[in-house]
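To start, the structure under review is shown below, and the notes come after it.
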Amino acid sequence: MAKLSKSKLLALISQEIQSSLGFYSSDLSTQRKDALKYYLGEPLGNEEEGRSSVVSQDLLEVVESMLPSLMRMFTQSDKMVNFEPQQAEDVPYAEQITDYCNFIFNRDNNGFNILHSMFKTALLQKNGFCKVYWKTSKEQKKESYKHLDEVQYQALLIDDEVEITKTEVIEEEDLQLFYDVELRRTKEYGRCQIDPVPPEEILVSPRAKNLKDCNFIAHRVTKTVSELIDMGFNRKDVESLPSSEDGVFNTEAVVRRSYDDPTMDVEISNIDPSQRVVQITECYMKVDMDGDGIGELRKIIVGGSGYNNYIVLENEVINKLPFAMCVAIPMPFRFFGLSMYDLLADVQMMSTTIMRNTLDNMYFQNNARTIVVDGQANLDDLLTSRAGGIVRVKSPGAVTPLQTPNFLNDGLAMLQKIDQLKEKRSGVPNQLMGLNPDTINKSHTTAQSVNQMMNSSTQRIELIARSFADGVKDIFENVLAVICEYQDQERVVKLRGEFVSMNPREWTDKYDCTTQVGLGTGNQDQRLQVLQQVLNVQEKMIQQQGGMGMVTPQTIYNTLENYLQNSGYKDASQFFNNPSQQQQQEQPKEKKQDPALQLAAQDIEIRKQKAMADVDFKNRKLEADNQMKMQKLNLDEQKLATQVVKEQNVSELEKEKLASKILQQGLN
């Protein structure tokens, strides 16, 4: 198969975007826009002048009544999820991964705000989304140092984060050099970022049934030209992109912004072209680029809008979709589920209509219309309504009130029926919104019966919480995948009052993730009673039979920790010490030297050793040269003496003495 050309890729992306669910003016977009209007209580558009225009906000009441219970179920403990190993060699790291991922979610990111945004969006607009990715940031600051020695100065020179802007060398009396330095330090660091995503920014293939088998999903955002250039995209491509028309066609975003400020954004592109807003779309799709017949999951960033008017800014292969999604009421074989708006839209319309008619009837009862005999009453007196006013008439019976049927009691009874219908549709009872005084005042009502009613009435909320748990699980699985792929340095974090080193390079992302979901408010007292009974049994077993191997200090601590968490205290370490941590003997750790200073010291030591080696080599060479000269001189003397012996007429005895002397000199 031939490789996919750039033009065919752009045509494919254009088709996917145009046919996607959530595109401008689609039915899905209209439903979500109307849901937001119903929640905000905006006018319905059928109001009449002089009549009641009140809007019932049943959708807001139900959503805001469900959120506290849902948030408490997920945030009652610091450990929102647990990671379980799949292989034996992964067991030592499972607890570390659990602690670190929960730390990233709650400390590095605002975990409460992320869950609140996802859950509220899912309850209101079908599906809630969030995006998990690795974000790299740069931080610059100016620093100045005085009287640095050679080692400290060399440490700054070899530091990649430092750019020295000014240096002043100071030489003291002992010929030692010191430095005054001004520098600019640029620190680049990365963190796992979790952002809730507005639903109108997500585009999904109509063939998708769930997030895992989705062949196309896109994130449509607006950025300024300056932001895109700073992100590293080609300047020429970015500046050629047309201005975004999102503020005109994205009616969902317009409704969200218009509640507080109905005016449009001020166009400032003519003043500063770098702040011109353009639209980019991050497309995550399976496409066969290399022609092997198998589609690879790729991240393709395109800029612009309109069919075949896109420009490819980035194209790379990825391993996993960066999105997580939660659905309040999942629908089988459908990507988008149902929201509270889908269940309560007609209920809120009926409630609004009955409330308006009831109020209009009350207005007509208090300010009834009047029948006036023509020419028999002063119309100015009739039109002037004031306490104790006088109406002048020419004959008795000239002015009579127009009788209006009393609809007040019937209207209030209808509203009660609609409240019952709302309770059945949503599964949120009136007891959850606030205790019903009629139920409390009954003489036969006991605490146990109230608990039973609360437990049975919160079953729908617990079912929604179980559905949301899958979305929370996807968030943490993405967090683990991101830190295993991108975090290449060890990080020290504070957990339970102690500093712990986290090194994801030693981990894998093959762990089973389980979400810890509470059981809600209705069962809190029951859970506390059960934990209290467990603690009593443990205490008796310790006192009477030494625990029988079933009760240890660690199991007692676990019971107390769960008891405190269900009571609302997340951190049990402020009340009790964990026995497992006490048993670990803390070994004294050597104080680690700054790596930059250590490298500088090593560099200086190497230079000293090299200089000493050079001096030693020179000394040895000089000594060897001297020895060679002496040997050559002695050899010349021996040759001269031999020649003298041969030429002179001396006795044999003298020759032997002279030879012995020459031999002795040669040996020396």
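Quick notes on this one:
- Taking packing as the residue-averaged number of other Cβ atoms within 10 angstrom, the listed peptides 481-491, 44-54, 384-394, 343-353 run from highest to lowest as 343-353, 481-491, 44-54, 384-394.
- Nitroxide proxy distance, nm - points 7 Å out along Cα→Cβ at residue 5 and residue 529: 7.6 nm
- Other-chain or far-sequence residues with amide H under 5 Å of residue 81's (modelled H): 516
- Theoretical FRET efficiency, 1/(1+(r/R0)^6), r = Cβ-Cβ of residue 110 and residue 256, R0 25 Å, to 0.05: 0.80
- The residues of segment 6-127 have, on average, 43 Å² of accessible surface per residue, using a 1.4 Å probe with all protein chains present.
- Sites residue 400 and residue 463, calculated FRET efficiency, Cβ-Cβ separation with R0 60 Å, nearest 0.05: 0.50
- Longest to shortest principal axis, alpha-carbon extents of segment 277-386, angstrom: 97, 37, 21
- The label point for residue 319 and the one for residue 490, both projected 7 Å from the Cα toward the Cβ, are 2.2 nm apart.
- Nonlocal amide H pairs with residue 216, under 5 Å, H built at 1.01 Å: 205
- Highest-first arrangement of 535-544, 224-233, 163-172, where packing means the average Cβ count within 10 Å: 224-233, 535-544, 163-172
- Highest average packing first - 32-40, 462-470, Cβ atoms within 10 Å: 32-40, 462-470
- Applying the criteria of a DSSP loop state and at most 11 other Cβ atoms within 10 Å to the GluC sites (Glu not before Pro) of segment 55-91 yields no site.
- Overall form of segment 285-333 per C-alpha gyration tensor (a/c, 1.5; a/b vs b/c): oblate
- Options 65, 94, 52, ranked by Cα towards positive dipole end of segment 1-148, top entry (Cβ charges): 94
- When only the Cβ of Lys, Arg, Asp and Glu is charged (+1, +1, -1, -1), the dipole of segment 1-138 relative to its Cα centre reaches about 760 debye.
- Treating r as the C-beta distance of residue 72 and residue 374 and R0 as 56 Å, the FRET efficiency rounds to 0.25.
The values are calculated or read from the model by the stated rules, or taken from the named source; none is laboratory data. Small disclaimer: the values here were computed from a predicted structure and weren't measured. Every residue, glycine among them, receives a Cβ derived from its backbone with ideal geometry; neighbour counts consider all protein chains shown. For accessibility, only protein heavy atoms count, side chains too; no ligands or nucleic acids. Shrake-Rupley method; radii C 1.70, N 1.55, O 1.52, S 1.80 Å.
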